[in-house]
Amino acid sequence: MKKSKSVVAGKTRVTAAKKSSPRRFVVRKSGIHGRGVFALVDIPKGTRLIEYLGERMSHEEADRRYGEIHEGSAHTMLFAANDEVVIDATQWGSSARWINHSCGPNCEAVEEDGRVFIETKRAIRAGEELGYDYELIVEGRHTEKLKREHACRCGARNCRGNLLAKPKKR
């Protein structure tokens, strides 16, 4: 670690500089969908990788802005952090917005106090694409049409064929 010096009121103070960490992932073209996020180095299980960032708004505001635009479309950069907050990564989002869905995910989204972090579920090898299960919640019956509109292309052995959360038992 590098040391840095600063002079305050004629006194020299030595402080430890922040250790720079190498980039752990990169955004590039994905075989799953559009862009994806790929590990540049081996990443251990349980690593917090990145926060899902963007404009924070209510569910009502997200519906007002995007309801008609996203009707029948699985492509969105909105993340419901909790029952009050939706994060819109369209404008000010981090690289987390490019992490694709996977039915056999190596990452998971973890909510803490209205914030969403992406963490590894298992060790990830350099070159591997990062993915988490979107578990999209769509009101109403999960018809074949709805499943086709939210089709999955993750290629996992256990692929369920769509990005939808399993319907809750009533």
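Checked against (1) modelled with pLDDT under 95; (2) under 18 Å from R35 (Cα atoms), I137 passes all but condition (2).
A count restricted to the range 132-170 and to residues that are within 24 Å of R56 (Cβ to Cβ) and either touching a residue at least 60 places away in the same chain (Cβ under 8 Å) or touching a Pro at 6+ places or on another chain (Cβ under 8 Å) (or both) stands at 4. Of all residues in the range 111-122, those that are assigned to a strand (DSSP E or B) and free of Cβ contacts under 8 Å to residues at least 60 places away in the same chain total 2.
In the range 123-132, which residue that is farther than 15 Å from A109 by Cβ and not in a loop (DSSP other than H, G, I, E, B) is most open to solvent (accessible area, probe 1.4 Å)?
Looking at residues that are farther than 15 Å from A109 by Cβ and not in a loop (DSSP other than H, G, I, E, B), I get E129.
Looking only at residues of the range 133-170 that are in a loop (DSSP other than H, G, I, E, B) and among the acidic types (D, E), we find that the one that is most open to solvent (accessible area, probe 1.4 Å) is E139.
In this structure, is D63 modelled with pLDDT of 80 or more and assigned to a loop (DSSP other than H, G, I, E, B)? Spelling it out, it is not the case that D63 is modelled with pLDDT of 80 or more and assigned to a loop (DSSP other than H, G, I, E, B).
The values are calculated or read from the model by the stated rules, or taken from the named source; none is laboratory data. Here the structure is a predicted model, which is why all the values come from computation and not from measurement. With ideal geometry, Cβ positions are generated from the backbone for all residues, glycine too; neighbour counts draw on all protein chains shown. When the accessible area is computed, the model is the full protein with side chains, heavy atoms only, and any ligands, DNA or RNA have been set aside. Shrake-Rupley method; radii C 1.70, N 1.55, O 1.52, S 1.80 Å.
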